[in-house]
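Derivation of every value follows stated rules applied to the coordinates shown; laboratory data play no part. As the structure is a computational prediction, the values presented were derived from the model and not from experiment. As a convention, Cβ positions derive from the backbone with ideal geometry for all residues, glycine included, and neighbour counts pool all protein chains shown.
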Amino acid sequence: SVASTAITCFTRGLDLRKETEDVLCPANCPLWQFYVFGDGVYASLSSICGAAIHRGVITNAGGAVRVQTLPGQENYPAVNANGIQSQVLTRWASSFSVTGTKNTVLEAVGRSVSTARPSTGKRPKKPLDKKAGNKDCKADIAFLIDGSYNIGQRRFNLQKNFVGKVAVMLGIGTEGPHVGVVQASEHPKIEFYLKNFTAAKEVLFAIKELGFRGGNSNTGKALKHTAQKFFSLENGARKGIPKIIVVFLDGWPSDDLEEAGIVAREFGVNVFIVSVAKPTTEELGMVQDIAFVDKAVCRNNGFFSYQMPTWFGTTKYVKPLVQKLCSHEQMLCSKTCYNSVNIGFLIDGSSSIGDSNFRLVLEFIGNVAKAFEISDIGSKIAAVQFTYDQRTEFGFTDYTTKEKVLSALRNIRYMSGGTATGDAISFTTRNVFGPVKDGPNKNFLVVLTDGQSYDDVRGPAAAAQKAGITVFSVGVAWAPLDDLKDMASEPRESHTFFTREFTGLEQMVPDIIRGICKDFLDSKQ
């Protein structure tokens, strides 16, 4: 048997070191976030798991893939296959192909959950460090249990047993998942916080000791309270780690969940609902809002809701729930670089660019913007065009969906004129970033220019950075490297990009996205 290397959804061909390598893709990668270039032979810039799904080697359930490194080529085609649209790339220095592997060891589980049986392959599996816990499943989880008269004392005890089994299988530890429990009844009660216990044994004991409270099932009230109060740093929440609330509901809630769901999403919390014994047709008349599950969960995409018919014989439901809670990439409501940034594009509209190249610039901006989750509580995009003059094409609050942003970009008219980049940076810092400077998102400015600026760029760029804006400079054709470096944030090498031809912009798209994400994560550490 061959041992496979577990990789993430976003590992690219060029991240591998060997000619031929067996890798293991996780389950449930977000298809729309894949970057794939080509068909059959893929540019090494492509996501390996994306290419494998595109090729039909695996499905979105993950699995083993053999990656073969190949030489670079020209004209990688765009083909839509298996739910992934690959993109055109004119040329790239190296490629790879993907095939299935024979009898690979290592089970594909969400993110290879530590409870998968050790492999019987040649390599001994590292024993799970009991204290550290399952490092592949970093999450801060609040179990919001039902303590209402709906569930009653007997089923309350069965619920505690189930939560205990889930807690043990998660692999709680100092570097793994941390859990706490809140009981929902008439009034919510935080039973214990994330910081109270970091060993599965202690958590199990604490769950066993929980007393049944009774009262109405005011789940909405409890969910809102948990989202607002539970995940503070002083109560043990960790920076940059997904926050999750798993709501257990027997029957239906006595109050409204919609507002609580909105509050949780605003706080960057991923809400799962585990509903047991759904209301029968006769009981539906007593339910305030039939769509209570859809309104409370993080995203209404099926991933965040989970159903069990009764509290009896629930053991077989433990592992699939744990796999969901450990699928880091699926936590769409966490504050990530994809949903927590403001990106302003400062676009050179000078006469040296010309209309057709200006379209290529807009296409490049659209491809960067496309990677982000644009919404009123997510990421936001703005665009300013400049010559000697500046024109705000749209600000951060003008468009709050991806479709509208992409459509507004396509409709930008080319100005044509001189080049005063320094002035334009000052204008954008003041007028575009000014109104959002105290908001929750991290601010980025991408400056695109094809030539020498007639004014000083160093002072305005330093002022922008002082105002908390990270600056990337992208130069084309005659843009002088000194200007580009003077504008870029530190470290300048990784914030400065240059291409001779406008057609070279498309190859920079993944690097700009990755740069923004790296800066975002560094700012959270």
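Compute the relative contact order of the chain as a whole-number percentage, counting only Cα pairs closer than 8 Å that sit 6 or more residues apart in sequence. It would help to have the intermediate numbers written out before the result.
Working: 1156 pairs, mean separation 50.9, N = 525.
Computed over the chain, the figure is 10 percent.
Could you work out the helix-only [θ] at 222 nm for the chain, with each DSSP H run of four or more residues adding -39,500 (n - 2.57) and the total divided by the number of residues, to the nearest 500 deg cm²/dmol?
Estimated from H runs of four or more residues: -8000 deg cm²/dmol.
Is the shape of segment 401-443 best called rounded, prolate or oblate, per the rule: a/c under 1.5 gives rounded, else a/b larger than b/c gives prolate, else oblate, with a ≥ b ≥ c the square roots of the Cα gyration tensor eigenvalues?
On the way: a/c = 3.51, a/b = 1.08, b/c = 3.27.
Since a/c reaches 1.5 but b/c is at least a/b, the shape of segment 401-443 is classed as oblate.
I want the antiparallel fraction of DSSP beta bridges within segment 341-522, as a percent rounded to 5.
Numbers: 4 of 30 bridges.
That works out to approximately 15 percent antiparallel.
For Kirkwood radius over Cα pairs in Å, one of (1) 25.2; (2) 32.3; (3) 24.4 was computed from the structure I shared and the rest are decoys. Which label?
Matching the structure shown: (1).
Check which residues have an amide H placed less than 5 Å from ASN270's amide H, if you skip close sequence neighbours.
Here the answer is LYS243, ILE244, ILE245, since their amide H atoms fall under 5 Å of that of ASN270.
Please report, in debye to the nearest 20, how large the charge dipole of the chain is about its Cα centre when each Lys and Arg carries +1 at its beta carbon and each Asp and Glu carries -1 there. Walk me through the numbers before you get to the answer.
Values: 59 positive and 52 negative charges, 472 e Å.
Using only the charged Cβ atoms, the result is roughly 2260 debye.
Find how many whole Å separate the alpha carbon centroid of segment 295-344 from the alpha carbon centroid of segment 468-495.
Each part reduced to its Cα centre gives a spacing of 39 Å.
Just name one of TYR388, PHE358, PHE498: the one whose Cα is farthest towards the positive end of the charge dipole of segment 341-522 (beta-carbon charges, Lys/Arg +1, Asp/Glu -1).
Highest projection toward the positive end goes to PHE358.
Cross-link candidates for LYS243: which aspartates and glutamates have Cα within less than 16 Å, leaving aside residues fewer than 8 places away along the same chain?
ASP136, ASP140, GLU175, GLU234, GLU266, GLU329
May I ask you to order 489-496, 291-298, 269-276 by the average number of other C-beta atoms within 10 Å around their residues, highest value first?
Numbers: 489-496: 14.6, 291-298: 21.2, 269-276: 24.2.
Sorting 489-496, 291-298, 269-276 by mean packing, highest first, produces 269-276, 291-298, 489-496.
I want the local charge near ALA369. Using Cβ-Cβ distances under 13 Å, sum +1 for each Lys or Arg and -1 for each Asp or Glu among the other residues. Don't skip to the end; give the middle numbers.
Details: positive: LYS370, LYS380, LYS402, LYS404, ARG410; negative: GLU363, GLU373, GLU393, GLU403.
The answer is +1.
Take peptides 426-434, 440-448 and line them up by average Cβ neighbours within 10 Å, highest first, as a rough protection proxy.
Ranked by mean Cβ neighbours within 10 Å, highest first: 440-448, 426-434.
Compare the peptides 231-240, 179-188 by average per-residue count of other Cβ atoms within 10 angstrom and give them in order, highest first. Working shown, then result.
Working: 231-240: 14.0, 179-188: 22.7.
Output ranking for 231-240, 179-188: 179-188, 231-240.
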